[in-house]
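The values are calculated or read from the model by the stated rules, or taken from the named source; none is laboratory data. For clarity, every value in this text was computed on a predicted model and none was experimentally measured. Positions of Cβ are generated from backbone atoms using ideal geometry, with glycine treated the same way; all protein chains shown enter the neighbour counts.
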Ligand code: DOR
């Protein structure tokens, strides 16, 4: 049947053959034919296309969605660009990423939103700029949210910093609640980097046994938890959605769980480093392990994992934060926080979490797509006429992490030399292969 369909599609079709299709509806053995941006056929009897991608032994899944990446453009193109970040994303299986606004200048006005949108044209994945909640991320004046929502911004966040002033956050939530109609009925959500500055000031890692031993200033768990607590209260007060970014403590997970049980419209994400690494990693003062919020204790790691398993946490988001070697070579208390994440996230989830593949994909594809309001294009079922944003995963292959082999000009992966299981083989954006057999095509 597919040969006939392919014949009427002169721009070229791609047949993904021999794999197991996995989406929110479950899994089944079938070939997939794509072309003109869409899925054409899903057929257990096989398909023929102008080009063929081998998927034998692999999973054919919706492309992954990352709610939290730092692409450093404009301002720090020596660390990452939209182009290199999107390439790394595609290599990691992502077909959509949400770019954080802590660029230089910050993404806080229409001109910078448009600049990032323009830079994204032709990139290896769809890049959705988020915008700051406050001008310059300074926590005082609200950005022109309505204007930015009209440009397509769905997520507003001062990420890198939390909004400290409760009244400013309350007003932002009230304002955001009225904006959905401006973005085609898609959701607009405020996302919070939860950190109370007065408590985290002077801290460079988690406050606890290891910070005492190492003589480094600590950031207590409560610096995060107080803001989670406040924003749950503000969600209750305003009725507005709040998305909690990179949760790192057991207390935060418990509060979000209780808020969800109470029916509040809150969602949350966690980063792979917070379910795989602890503050003990900082023992040698290696700045590759410096990150905000910091690596916490084993008990916190367990709580994050439990939150991912029981649905308290909606999404795995990388917090991909490239920094140049020169910046990371500074002393621990002077080096910038952050770690690469795009090319290791899926393998870490597959290697470290005891979750069935459908649950991993829920956390990395359709649930984050829903949080970002892009679930009309990403995280879709794999069925005829649906957008063909897909990744093909080899779940059994093992490989060794190497920062030098990554697409980013930065090298700051905390997993250097680690053996992981599961790797992306092909990625297709709007039916075009952007990664084939682990090699970027753009
Ligand atoms: O570790 C971090 N790095 N946390 C943040 O909040 C910001 C990010 C960055 O931009 O480097």
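Return yes when residue 326 is part of a helix (DSSP H, G or I) and more than 23 Å from residue 129 (Cα to Cα) and no when it is not.
For residue 326, the condition - part of a helix (DSSP H, G or I) and more than 23 Å from residue 129 (Cα to Cα) - is met.
Tell me yes or no: at least one residue of the range 94-102 is surrounded by fewer than 24 Cβ atoms within 10 Å (Cβ to Cβ) and under 18 Å from residue 155 (Cα atoms).
Yes: the range 94-102 contains one or more residues that are surrounded by fewer than 24 Cβ atoms within 10 Å (Cβ to Cβ) and under 18 Å from residue 155 (Cα atoms).
Quick check, is residue 223 within 16 Å of the ligand (Cβ to nearest atom), assigned to a helix (DSSP H, G or I) and buried (at least 22 other Cβ atoms within 10 Å of the Cβ)?
The answer is yes for residue 223.
Scan the range 288-323 for residues that are part of a loop (DSSP other than H, G, I, E, B), within 15 Å of the ligand (Cβ to nearest atom) and surrounded by fewer than 24 Cβ atoms within 10 Å (Cβ to Cβ) and report the count.
Final tally of qualifying residues: 1.
Only one of these is modelled with pLDDT of 95 or more, buried (at least 16 other Cβ atoms within 10 Å of the Cβ) and under 30 Å from residue 335 (Cα atoms): 408, 402, 431. Name it.
408
Looking only at residues that are free of Cβ contacts under 8 Å to residues at least 24 places away in the same chain and in a loop (DSSP other than H, G, I, E, B) in the range 263-285, which one is farthest from the ligand (Cβ to nearest atom)?
Ranking the candidates gives 263 first.
Answer yes if at least one residue in the range 161-171 is surrounded by 21 or more Cβ atoms within 10 Å (Cβ to Cβ) and within 15 Å of the ligand (Cβ to nearest atom), and no otherwise.
Checked against the condition, which is being surrounded by 21 or more Cβ atoms within 10 Å (Cβ to Cβ) and within 15 Å of the ligand (Cβ to nearest atom), the range 161-171 yields at least one hit.
Cβ contacts < 6 Å: first residue without any contact (Cβ under 8 Å) to a residue 40 or more places away in the chain and on the phi > 0 side of the Ramachandran plot, restricted to the range 228-248; second residue within 16 Å of the ligand (Cβ to nearest atom) and part of a helix (DSSP H, G or I), any location; separation 6+ or different chain. Result?
If the second residue must be within 16 Å of the ligand (Cβ to nearest atom) and part of a helix (DSSP H, G or I), no pairs are left.
The conditions are (1) at pLDDT 95 or above; (2) surrounded by 18 or more Cβ atoms within 10 Å (Cβ to Cβ); (3) more than 16 Å from the ligand (Cβ to nearest atom), and residue 183 fails exactly one of them. Which is it?
Of (1) at pLDDT 95 or above; (2) surrounded by 18 or more Cβ atoms within 10 Å (Cβ to Cβ); (3) more than 16 Å from the ligand (Cβ to nearest atom), only one is false for residue 183: (1).
Given the options 404, 334, name the one that is farther than 30 Å from residue 36 by Cα, part of a helix (DSSP H, G or I) and over 14 Å from the mean Cα position of the chain (by Cα).
404
Condition first: surrounded by 24 or more Cβ atoms within 10 Å (Cβ to Cβ) and either within 14 Å of the ligand (Cβ to nearest atom) or assigned to a loop (DSSP other than H, G, I, E, B) (or both). Now tell me which residues in the range 339-360 satisfy that.
Hits for the range 339-360 are 339, 340, 341, 342, 343, 344.
Sort out for me the strands (runs of 3 or more DSSP E) sitting completely within the range 33-88 that have 2 or more residues that are within 14 Å of the ligand (Cβ to nearest atom).
64-69
Within the range 278-287, how many residues are farther than 19 Å from residue 222 by Cβ and buried (at least 21 other Cβ atoms within 10 Å of the Cβ)?
Final tally of qualifying residues: 2.
Taking residue 108, is it closer than 30 Å to residue 325 by Cα, away from the ligand (no atom under 14 Å from the Cβ), in contact with a strand residue (DSSP E or B) (Cβ under 7 Å, 6 or more places away or on another chain) and in a loop (DSSP other than H, G, I, E, B)?
yes
Here are the criteria: (1) over 30 Å from residue 17 (Cβ atoms); (2) at pLDDT 95 or above; (3) away from the ligand (no atom under 16 Å from the Cβ). Tell me which single one residue 334 does not satisfy.
It fails just one condition, (3).
Please go through (1) at pLDDT 95 or above; (2) in contact with a helix residue (DSSP H, G or I) (Cβ under 7 Å, 6 or more places away or on another chain); (3) under 21 Å from residue 266 (Cα atoms) for residue 157 and return the number of the only condition it doesn't satisfy.
Going through (1) at pLDDT 95 or above; (2) in contact with a helix residue (DSSP H, G or I) (Cβ under 7 Å, 6 or more places away or on another chain); (3) under 21 Å from residue 266 (Cα atoms) one by one, residue 157 breaks only (2).
Just to be sure I understand, how many residues within the range 226-253 are within 14 Å of the ligand (Cβ to nearest atom) and not in a helix (DSSP H, G or I)?
Total satisfying the criteria: 5.
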